[in-house]
Amino acid sequence: MSNSVGTTARLIGAGLRALLVLTVICGVIYPLAVTGISQVLFNDKANGSEIKDKSGQVVGSSLIGQSYNLPKKDPNDAEEASKPDLKWFQPRPSNGLGANSVNTQYSLILSGATNRSADNGAVNGKCTDQAEEGTLCAQVLAAKDAVIADNSTADYQVKPEDVPADAVTSSGSGLDPDISPEYAKLQIRRVAEQNKLDVKQVEKLVADHTTGRTLGFMGEPRVNVLELNTTLKALAKG
């Protein structure tokens, strides 16, 4: 009887010692080591890839897109459609983007794709004005009309064929922080006009914020909208 109790006590003691050792190693030493290494080698990424404005205030993360809309007339009206603030470069269309922290407090809403097929609402395989309301085709056509209207200025008319796909479609996550260089260039004249800047200044701004393919062959060239608009804000204030 006493041997059985002693054996049980030794096994419990060994289990508790193992639990303590593994807790210290896996719960304390390992997390601290990983945190220390990441802070030293990847400080920016480890802290959320934060973007700061000229004053040093954090305005968001370079990994998550933000919307740039005018304030609603009635903030409590869920049915009121948000209108883009045309003095800013606009991101890809999405219902998942939080409000821009340069304008208002940033808050993430949701993430996800539409899950609609590419020909949703198409008539005879093509997206036409006959597309049923609420379908992907109808949304894309409406977005295309809006892009043309918003970005055409007194001396520049946007052509339908110049509107890139990312200007009228959302990403799979709905939180894409980047747009194509083509979409950024399409917005240059409107942004310059709205902010009373020279077109050449805004063209340089876009060129400076255009990132090429990762390692020269992965992905596509892109422009981070938050980084671009944060620099634009400083430039517009002069």
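The values are calculated or read from the model by the stated rules, or taken from the named source; none is laboratory data. Keep in mind that this is a model prediction, so the values were computed, not measured. Glycine gets a Cβ as well: all are built from the backbone with ideal geometry, and neighbour counts include every protein chain shown.
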>> Contact list please: Cβ distance under 6 Å, first residue in segment 193-218 and touching a residue at least 60 places away in the same chain (Cβ under 8 Å), second residue part of a loop (DSSP other than H, G, I, E, B), pairs at least six apart or on different chains.
In response: 194/86; 194/87; 195/87
> Inside segment 114-130, can you point out the residues that are more than 29 Å from the chain's Cα centre (by Cα) and surrounded by 12 or more Cβ atoms within 10 Å (Cβ to Cβ)?
Replying inline: 123, 128, 130
>> Suppose we keep only residues that are modelled with pLDDT of 85 or more and out of contact with any Asp or Glu (no Cβ under 7 Å at 6 or more places or on another chain) within segment 68-90. Which one would you say is surrounded by the fewest Cβ atoms within 10 Å (Cβ to Cβ)?
In response: 83
> Any idea how many residues of segment 134-159 are under 27 Å from the mean Cα position of the chain (by Cα), assigned to a loop (DSSP other than H, G, I, E, B) and modelled with pLDDT under 90?
Replying inline: 2
> Has segment 21-37 got any residue that is surrounded by 10 or more Cβ atoms within 10 Å (Cβ to Cβ), within 25 Å of the chain's Cα centre (by Cα) and of a type in the set (Gly, Ala, Ser)?
Replying inline: no
>> With the requirement that a residue be within 25 Å of residue 174 (Cβ to Cβ) and among the hydroxyl-bearing types (Ser, Thr, Tyr), what does segment 41-72 give you?
In response: 49, 61, 62, 67, 68
